[in-house]
Amino acid sequence: MVELQVTNSPFNQEQVELLNRLIPTLTDGQRLWLGGYIAAFQAGVATAPQTGLALQAEPVPAAGAPVVSREVTVLYGSQTGNSIGLSKKIAKKLEEQGLQVSLSSMGDFKPNGLKKIENLLIVVSTHGEGEPPDNAISFHEFLNSKRAPKLDGLRYSILALGDTSYEFFCQTGKDFDKRLQELGGTALVPRVDCDVDFDEPAAEWMNDVLASLSSTSAATGTVSSEAITAAVSSGESEFNRTHPFKAEVLENLNLNGRGSDRETRHIELSLEGSNLDYEPGDSLGVFPENHPRLVDELIAAMDWKADERVTVNKNGDQLSVYEALLRHYEITAVTKPVVEQLAKLNPESGLAALLADDSEFRNVMNSCDLLDLVQDYSLKGINAGAFLAVLRKIPARLYSIASSSKSFPDEVHLTVRTVRYEARGRERYGVCSVHLAERIQAGDTLPVYIQHNPNFKLPQNPDTPIIMVGPGTGVAPFRAFLGEREEIGAEGKAWLFYGDQHFSTDFLYQTEWQRWLKDGVLTKMDVAFSRDTEQKVYVQHRMLEHSKELYQWLQEGASIYICGDEKKMAHDVHAALITILQQEGGLSPEQAADYMTRLQHEKRYQRDVY
């Protein structure tokens, strides 16, 4: 770009200096907006005090400028609810710009209408190992099928949500971007990939989109990262993901019996005074602390001083190295952005070669923590301030809520399986689960927030039958479901499939299920304890044993819910349902798959899997 001078422009020296400082800092979207603003100003748009721009007449595009459609479609694909909140925020801001907005879940959107759309915004998360979330599966399949239309007139942009500690970071967003380009679409603004701390990049993306789409309309302000937080936070409470509530621990019990190989904590927390509200199916975000032993070992390996002060955020707040590693930074996961920055800090470490070897880097991501990386690549010598500055903040852990607020006002309950294992001669810990199991007692406090999940909700009609499949800690939300249905006097039948290792030691909440069976809140319960028989029996086997009755429930309009392990259990249960539809309903494999898709569209097949 040629620098402006008094001699090559119509501006005086002061204006030239201001423009030369401003223009290089602008994003593509901001430059587009500025061009539209100047054209609109000439056409009769005047500024209004404090509120930005007030439209006095319909703005007229500059001569030769393309006519921008004032209709925008916003589609979201979401598993836990973040994409929904962000989509609602961008839709609201676009409507404030005077644009006509259509907001929809990908699961509810009719993909044949795609060829009629001129402006498309997609907000989508990535689930599991690079897979689309449940309500985006059908749209994803359509786009990648031969039925997908040419989209030469489409302008689009994508906000992708993900987690850099996973191999297929933001893969679903990348898939959509690649496919829309192949079909002829052009990017309105470039795709933005967000890590777990998504507020700032999401706000920047929204502002670029708003600037681009409003180049022929009046602007009504920008989006801040605080507004993003508010968009995905809960209700009217002041507490959210960036401002968690310190909830007092009321109870912390081990649900497993003596002799069990497992430890499952039942945690009861007080929400009194928080104004936080939740519904069955929602999750609780908990900010954990790293294990003190791992913190000590990392400090020793790097030869840092534990009490050295380091800056931990943009506000300039400082903590000791020990406190920063204990409570502020993630040290148990190795992510690509962190390794890239550490490679720059120590070019001789060999990290650059690691990054160049995809297979080896995937192995490191899946098996190593930060201490392993420091020891394997001799990173000792990087000062604490520089090293910690490249780490990401410790993310909250989401747990399915195991209580109904109608049953336990001002309380929230969790069911957490403790994770411990040994690798490379060193004991490893599930960050949050071991924090809760070993270092949290009644009277302590935990920083928490509510994560609403509209994709996992009881039927609106309390008379609707429900089928719940939740082995292990996957049973947590169903304790909330039944507690809620008991309180509201629901008449609908309820059937629970539950499984774990041993009946005698691992039957979580046994007395509560028995009481609900006696009182009629729970109609039927089938259990599978895999280690009590020679041949391992799981929940999907119990479902197949009762295939005729289960199919009859589905025919009667039952909704089915799956919670727990995504990698194996959820796939096995889905396969069992397909088999039942073929066996009892006489459907072909294709018809059975269509039946399941239809259940998803009708919100009668919902999953909370992880």
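At a glance:
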{"read-out": "Looking only at the stretch 571-596, and only at residues there that are in contact with a Gly (Cβ under 9 Å, 6 or more places away or on another chain) and over 24 Å from residue 523 (Cβ atoms), the one that is surrounded by the fewest Cβ atoms within 10 Å (Cβ to Cβ)", "value": "591"}
{"read-out": "Residue match in the stretch 292-314 (condition: in a loop (DSSP other than H, G, I, E, B) and aliphatic (A, V, I, L, M))", "value": "yes"}
{"read-out": "Test: residue in the stretch 421-429 that is surrounded by fewer than 22 Cβ atoms within 10 Å (Cβ to Cβ) and under 30 Å from residue 605 (Cβ atoms)", "value": "no"}
{"read-out": "Those helices (runs of 4 or more DSSP H) lying entirely in the stretch 501-610 with at least 2 residues under 22 Å from residue 482 (Cβ atoms) and aliphatic (A, V, I, L, M)", "value": "539-545, 547-555, 569-585"}
{"read-out": "Search result, residues across the stretch 187-214 that are part of a loop (DSSP other than H, G, I, E, B) and farther than 15 Å from residue 93 by Cβ", "value": "190, 191, 195, 196, 197, 198"}
{"read-out": "Check on residue 561, in the same structural domain as residue 495 (by TED's automatic domain parsing), surrounded by 18 or more Cβ atoms within 10 Å (Cβ to Cβ) and not hydrophobic (A, V, I, L, M, F, W, C)", "value": "yes"}
{"read-out": "The stretch 475-523, residues that are surrounded by fewer than 15 Cβ atoms within 10 Å (Cβ to Cβ) and over 19 Å from residue 265 (Cα atoms)", "value": "487, 488, 489, 491, 514, 515, 518, 519, 520"}
{"read-out": "Positions within the stretch 399-420 being of a type in the set (A, V, I, L, M) and buried (at least 19 other Cβ atoms within 10 Å of the Cβ), in sequence order", "value": "401, 402, 412, 414, 416"}
{"read-out": "Residue identified as over 30 Å from residue 254 (Cβ atoms) and of a type outside the set (Gly, Ala, Ser) among 544, 517", "value": "544"}
{"read-out": "Selection status of residue 359, surrounded by fewer than 18 Cβ atoms within 10 Å (Cβ to Cβ), part of a helix (DSSP H, G or I) and of a type in the set (Ser, Thr, Tyr)", "value": "yes"}
{"read-out": "Answer from 351, 371 - the residue that is modelled with pLDDT of 95 or more, crowded, with 17+ Cβ neighbours inside 10 Å and in contact with an Asp or Glu (Cβ under 7 Å, 6 or more places away or on another chain)", "value": "371"}
{"read-out": "Residues that are surrounded by fewer than 18 Cβ atoms within 10 Å (Cβ to Cβ) and not aliphatic (A, V, I, L, M), drawn from the stretch 183-196", "value": "184, 186, 190"}
{"read-out": "Those residues of the stretch 109-152 which are β-branched (Val, Ile, Thr) and under 15 Å from residue 84 (Cβ atoms), in sequence order", "value": "122, 123, 124"}
{"read-out": "Residue that is closer than 28 Å to residue 321 by Cβ and either of a type outside the set (Lys, Arg) or in the same structural domain as residue 280 (by TED's automatic domain parsing) (or both), where the choices are 377, 399", "value": "377"}
{"read-out": "Residue in the stretch 141-155 that is surrounded by fewer than 21 Cβ atoms within 10 Å (Cβ to Cβ), in contact (Cβ under 8 Å) with a residue 60 or more places away in the chain and either of a type in the set (A, V, I, L, M, F, W, C) or farther than 25 Å from residue 334 by Cβ (or both) present", "value": "no"}
{"read-out": "So residue 380, is it of a type in the set (Lys, Arg), assigned to a loop (DSSP other than H, G, I, E, B) and within 27 Å of residue 449 (Cβ to Cβ)", "value": "no"}
{"read-out": "Test for residue 538: is it more than 28 Å from the chain's Cα centre (by Cα) and buried (at least 17 other Cβ atoms within 10 Å of the Cβ)", "value": "yes"}
{"read-out": "Residue match in the stretch 351-370 (condition: among the hydrophobic types (A, V, I, L, M, F, W, C) and farther than 22 Å from residue 163 by Cα)", "value": "yes"}
{"read-out": "Single residue of the stretch 105-121 satisfying the filter (in contact with a helix residue (DSSP H, G or I) (Cβ under 9 Å, 6 or more places away or on another chain) and without any contact (Cβ under 8 Å) to a residue 60 or more places away in the chain) that is farthest from residue 597 (Cα to Cα)", "value": "114"}
{"read-out": "Which listed residue is surrounded by fewer than 17 Cβ atoms within 10 Å (Cβ to Cβ) and closer than 20 Å to residue 133 by Cα, from 568, 603", "value": "568"}
{"read-out": "Matching residues in the stretch 435-491 - criterion: being of a type in the set (Lys, Arg) and outside the structural domain of residue 546 (by TED's automatic domain parsing)", "value": "439, 457"}
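Residue by residue, here is whether (1) closer than 30 Å to residue 505 by Cβ; (2) over 25 Å from the mean Cα position of the chain (by Cα); (3) among the polar types (S, T, N, Q) holds:
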| site | (1), (2), (3) |
| --- | --- |
| 349 | no, yes, yes |
| 369 | no, no, no |
| 374 | no, yes, no |
| 381 | no, yes, no |
| 389 | no, no, no |
| 392 | no, no, no |
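The values are calculated or read from the model by the stated rules, or taken from the named source; none is laboratory data. Everything numeric in this text was worked out from a predicted model, so none of it was measured. Heads up, the Cβs are rebuilt from the backbone with ideal geometry, glycines too, and the neighbour counts pull from every protein chain shown.
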